[in-house]
1. From the phi of every residue in the range 304-319, what ³J(HN,Hα) in whole Hz does the Karplus formula 6.51 cos²θ - 1.76 cosθ + 1.60 yield, where θ is phi - 60° and glycine or proline is x?
2. Report, in debye and to the nearest 20, how large the dipole of the chain comes out about its Cα centre when Lys and Arg carry +1 and Asp and Glu carry -1 on their Cβ.
3. Once amide H atoms are built 1.01 Å from N in the peptide plane, which residues 5 or more positions from Asp119, or in another chain, come under 5 Å H to H?
4. Which residue, Ser195, Ser52, Ser361, tops the fluctuation ranking in a GNM of the chain built on C-alpha contacts under 10 Å?
5. Please list, ordered by chain and number, the residues whose modelled amide H lies under 5 Å from the amide H of Gly184; skip anything fewer than 5 residues away on the same chain.
6. Using the Karplus equation 6.51 cos²θ - 1.76 cosθ + 1.60 (θ = phi - 60°), what ³J(HN,Hα) coupling, rounded to whole Hz, does each residue of the range 206-211 give in order, writing x for Gly and Pro?
7. Want the number for Asp119 to Ser69: 0.36 nm per residue separation, take away the alpha-carbon distance, what's left?
8. Can you put Ser259, Ser69, Ser194 in order of Cβ neighbours within 10 angstrom, beginning with the fewest?
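Just so you know, all these numbers are worked out from the coordinates, no wet-lab data involved. Note that the coordinates shown come from a computational prediction; the quantities given were computed from them, not determined experimentally. Note that each Cβ is placed from the backbone with ideal geometry, even for glycine, and that neighbours are counted across all protein chains shown.
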Amino acid sequence: MECSEKLIWNKFNKKEFMQVSIVLPDEEIRQAVFAHWDHVAKPIDGLGKFESIIAKLGAISGTDQIDLSQKAVIIMCADNGIVEEGVSQSGQEVTAIVAGKMAERKSSVGKMSQVNGVDTIPVDIGMNQAKKLAGVLDRRIRCGTRNFLKEPAMTEEEAIRAIAVGIELVRECKNAGYNILATGEMGIGNTTTSSAVTASLLGLDARDVTGRGAGLDDHKLEHKIDVIDRALKKYGLRKGPEEKELAMGVADQKRREQSFRALKTVGGLDIAGLVGVCIGGAIYHVPVVLDGVISLAAALASEYLMPGTKEYLIASHKGKEPATEIILNELGLDAVIDGDLALGEGTGAVMMFALLDLALSVYRDRTTFLDMKIEQYERYQKR
């Protein structure tokens, strides 16, 4: 039985997509949350970065009465044709195996989510296998991407449809009552696709952004870097220093076109779906917590495609892949977990949910200096 594909989930075309614009979060609410933090009985900025993150959550949701009680992690599962080039230790069959375990909540992210009260939503957006998996949402665009060393990974229509899947899922989640979402993924070979997309968008050499993935040795890492370099050259996606500066100064529309071309040429269906989740968060004002390097590559592409999207994104952790810190710096996002995580699936983002709940418990407790009968600390530095 061959893998089946369906021509569905196309909510808009490229022209309509490029006309979408992002409304920024509510700055007045952000300042109201900061003002409340200063009245909570603790040292000024005592919870550090978490005070800013909670303020960002308030600005996104449009209220200082922040509610994170309903959480979900959207896990995009897809296969990548570039695996044919030997860039991974595992074969594509592993993607479906792990996706099935995710549906049973027996994978790492499932176990962590149960402890943390988080719903898991595994999505088949492009796995290369015939059978539908119980508990995995069927949003398959095609049966894995093409080998981008031979031809573009996706057509324009496929990439747009994959983005539409992510946007639509955010809408559905918001209507179902979820207050906050996280990004997860599963797909053998997706550290190759994320490195290729990142190198293209930032005008960097593949070596600057490519890591060992699930544990390549030195020889296979060099091969992986070479495959990405050859693809960037093949499609004219490699930029020198002068071209990089030029790209950073061009009009938004041209930059958006360049970003979309990189995504569809050397990206993956999971990355494109996560681009949609990031953009959907910005459209529907739902905060999105990012996981590792694949999520971050999607976040970078989403910001370049839809400027302002990053204002709706929360970074969770600094992973092992070299592209992680580079992307975080480019987006101006600050990850608070520094634990050398490299598991994927959305595990780092689910960890972040737990930390946000702890910080929010202090914010919502409303114990003030007056309640404690002590003098309030004064702020001497502007935020």
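1. Running phi through 6.51 cos²θ - 1.76 cosθ + 1.60 with θ = phi - 60° gives 5, 6, 10, x, x, 4, 4, 5, 10, 10, 10, 7, 10, 9, 9, x Hz.
2. Numbers: 47 positive and 54 negative charges, 129 e Å.
In total the dipole reaches around 620 debye.
3. Lys71, Ala72, Val73
4. Per the Cα network of the chain with a 10 Å cutoff, Ser361 tops the list.
5. For Gly184, whose amide H was placed from the backbone, the distant partners under 5 Å are Ile74, Ile75, Met76.
6. 3J(HN,Hα) across the range 206-211, in whole Hz: 4, 4, 6, 10, 9, x.
7. Working: separation 50, 0.36 × 50 = 18.00 nm, distance 1.11 nm.
Here the answer is 16.9 nm.
8. Values: Ser259 22, Ser69 11, Ser194 35.
Listing Ser259, Ser69, Ser194 from fewest to most nearby Cβ atoms yields Ser69, Ser259, Ser194.
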